[in-house]
Structure formats: structure tokens, C-alpha cells
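The values are calculated or read from the model by the stated rules, or taken from the named source; none is laboratory data. Model, not experiment: these values are computed from the prediction. Here the Cβ positions follow ideal geometry from the backbone for every residue, glycine too, while neighbour counts run over all protein chains shown. Areas reflect the complete protein model, heavy atoms only, side chains present, ligands, DNA and RNA absent. Shrake-Rupley method; radii C 1.70, N 1.55, O 1.52, S 1.80 Å.
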Amino acid sequence: MKSMGIVRKMDDLGRIVLPAELRRQFDIAERDAVEIYTDGDKIVLKKFKTSCVFCDAEDDLISYKDKAICPECIKKISNLI
């Protein structure tokens, strides 16, 4: 991972500003959802993308009981019944 040498201070509400260069690089626009998780001793920010719960596909998703499923996985599940 490349260090960009950018340091930001957190405000009293726990917020930081992501530099415009990073937002452009990762195609993060105003109001986009950002996933936050930890990886060992690191805090990771990642643009959130909904994907199929079974195969991680991101296209043509169908929502069922708040879960995203792609058409291909639906076909595979249907063949099991």
C-alpha cells in the first residue's frame, strides 16, 4: 500500500476529511456509502458496493429479505429444489 503522506486531524465529533485526490482515485462521491472495518491494527475505508451474498457479483442484483442475490445464483438454487 502506497503512503500518500497526508495527515488529517479528527474533529471533536470523530470526523476526518478524505482528500479530494483520494475521493477521485476511488470514485467516491458526496453521499456515497463507505464501508469501515478493521484489518489487524489498521482501520480500512472502502467504497461500499452491494454484491451477491453467494458469489460477490455486483450486476443485476435482486433483493430478497434484505439480501442481494444475482440471477445466476438464483438459477443454481432453483435447480437444487
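Across the stretch 12-68, what is the number of residues that are among the hydrophobic types (A, V, I, L, M, F, W, C) and over 20 Å from SER78 (Cβ atoms)?
16
Quickly run through the stretch 24-49 and pick out the residues that are of a type in the set (Lys, Arg), farther than 27 Å from ASP60 by Cβ and surrounded by 10 or more Cβ atoms within 10 Å (Cβ to Cβ).
ARG24, the sole residue that qualifies.
Please name all residue pairs, on different chains or six or more residues apart, with Cβ atoms under 6 Å, provided the first residue is in the stretch 45-73 and is more than 17 Å from ALA33 (Cα to Cα) and the second residue is exposed (fewer than 14 other Cβ atoms within 10 Å of the Cβ) and of a type in the set (Asp, Glu).
Partner pairs satisfying both residue conditions: PRO71/ASP60.
With the chain as the region, which strands (runs of 3 or more DSSP E) entirely inside it contain at least 2 residues that are of a type in the set (Lys, Arg) and within 13 Å of the chain's Cα centre (by Cα)?
42-47
With respect to ILE69, is the statement that it is open to solvent by less than 70 Å² (accessible area, probe 1.4 Å) and touching a strand residue (DSSP E or B) at 6+ places or on another chain (Cβ under 8 Å) true?
Numbers: open to solvent by less than 70 Å² (accessible area, probe 1.4 Å): yes; touching a strand residue (DSSP E or B) at 6+ places or on another chain (Cβ under 8 Å): yes.
Yes, satisfied.
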